[in-house]
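The values are calculated or read from the model by the stated rules, or taken from the named source; none is laboratory data. None of these values were measured; they are calculated from a predicted model. Positions of Cβ are generated from backbone atoms using ideal geometry, with glycine treated the same way; all protein chains shown enter the neighbour counts. Quick note on the areas: whole protein, heavy atoms, side chains included, nothing else; ligands and nucleic acids left out. Shrake-Rupley method; radii C 1.70, N 1.55, O 1.52, S 1.80 Å.
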Amino acid sequence: METGMKVHYKTVQAAEKKAEIEGQLNDYRQSIEEYNAKYKNRVGFKPKRVLIGYARRSEYRGIDEQVEVLENAGCGVIFKETTLSADTARGQYDHMNALLQPKDVVVVSDLTRLAWSTVNLTVLVDEFTNKGIDLMSVKDAWFNTTSVNRDFLLSVMRGINVFENELKSDKTRAGLAKAKQSGTKFGRALKEG
């Protein structure tokens, strides 16, 4: 009975935390809108965008350093993935993704906190850009889809993705050929009998 109560308490606590973050994000959006409305008629005015930070803990690095970097970058709200996970389950990422709106900018301290590979990064960038959301990395300054070089960056990333896949295929074929030469048998093992 006590275990069930703990689970319920944690569920309630998680729901309260989600509601708190959503409230912070709404307040932040409103302050950006008010700022833009106030200064929109000034010469050379460039509207502020909603900067949403995403930090993911790794086995070797904590999260505090990332949060500090994201705060210094101007993020109004930061989603913190504190659990270590070998799979792709990322609760805070999913929560952030559900709250994103067009023209928002997702900011990460470095690209390794967002994606595991070039392929994964390309998929995420496509998902975000299709929703009208931009991405930016503080450490990897070249990675900024809010810039005028956005289309060029995306084309280069897709090209690198194709190149990476071809390299993997070539290495796999070379490894299989070498294994065949050394007498390795492929396929299902024959049943004795």
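The residue that is modelled with the highest pLDDT, among those in region 139-166 that are charged (D, E, K, R) and more than 29 Å from Val67 (Cβ to Cβ), is Glu166.
Assess whether Val50 counts as being open to solvent by less than 60 Å² (accessible area, probe 1.4 Å), touching a helix residue (DSSP H, G or I) at 6+ places or on another chain (Cβ under 8 Å), modelled with pLDDT of 85 or more and of a type outside the set (D, E, K, R). Talk me through it step by step, then tell me what you get.
Values: open to solvent by less than 60 Å² (accessible area, probe 1.4 Å): yes; touching a helix residue (DSSP H, G or I) at 6+ places or on another chain (Cβ under 8 Å): yes; modelled with pLDDT of 85 or more: yes; of a type outside the set (D, E, K, R): yes.
For Val50, the condition - open to solvent by less than 60 Å² (accessible area, probe 1.4 Å), touching a helix residue (DSSP H, G or I) at 6+ places or on another chain (Cβ under 8 Å), modelled with pLDDT of 85 or more and of a type outside the set (D, E, K, R) - is met.
Candidates Val123, Val119: the one that is under 13 Å from Leu135 (Cβ atoms), of a type in the set (A, V, I, L, M, F, W, C) and outside any loop (DSSP other than H, G, I, E, B) is Val123. Checking each residue in region 119-172 for being within 18 Å of Cys75 (Cβ to Cβ), in contact with a helix residue (DSSP H, G or I) (Cβ under 8 Å, 6 or more places away or on another chain) and open to solvent by less than 30 Å² (accessible area, probe 1.4 Å) picks out Asp134, Leu135, Ser137, Phe143, Thr145.
Yes or no, residue by residue, for (1) in contact with a strand residue (DSSP E or B) (Cβ under 6 Å, 6 or more places away or on another chain); (2) more than 30 Å from Leu167 (Cα to Cα):
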{"position": "Tyr60", "(1), (2)": "no, no"}
{"position": "His95", "(1), (2)": "no, yes"}
{"position": "Trp116", "(1), (2)": "no, no"}
{"position": "Glu127", "(1), (2)": "no, no"}
{"position": "Asp134", "(1), (2)": "yes, no"}
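Quick one: how many residues across region 53-89 are modelled with pLDDT under 90 and either in a loop (DSSP other than H, G, I, E, B) or touching a Ser or Thr at 6+ places or on another chain (Cβ under 9 Å) (or both)? Number satisfying all stated conditions: 16. Only a single criterion out of (1) of a type in the set (A, V, I, L, M); (2) modelled with pLDDT of 80 or more; (3) over 29 Å from Asn120 (Cβ atoms) is not satisfied by Leu176, namely (3). With respect to being surrounded by fewer than 12 Cβ atoms within 10 Å (Cβ to Cβ) and either in a strand (DSSP E or B) or under 15 Å from the mean Cα position of the chain (by Cα) (or both), Ala37 falls outside the description.
Please work out if Leu190 is open to solvent by 90 Å² or more (accessible area, probe 1.4 Å) and either of a type in the set (Phe, Trp, Tyr) or not in a strand (DSSP E or B) (or both). Yes.
Does Gln101 satisfy the criteria of being out of contact with any Leu (no Cβ under 8 Å at 6 or more places or on another chain) and assigned to a helix (DSSP H, G or I)?
Values: out of contact with any Leu (no Cβ under 8 Å at 6 or more places or on another chain): yes; assigned to a helix (DSSP H, G or I): no.
No, not satisfied.
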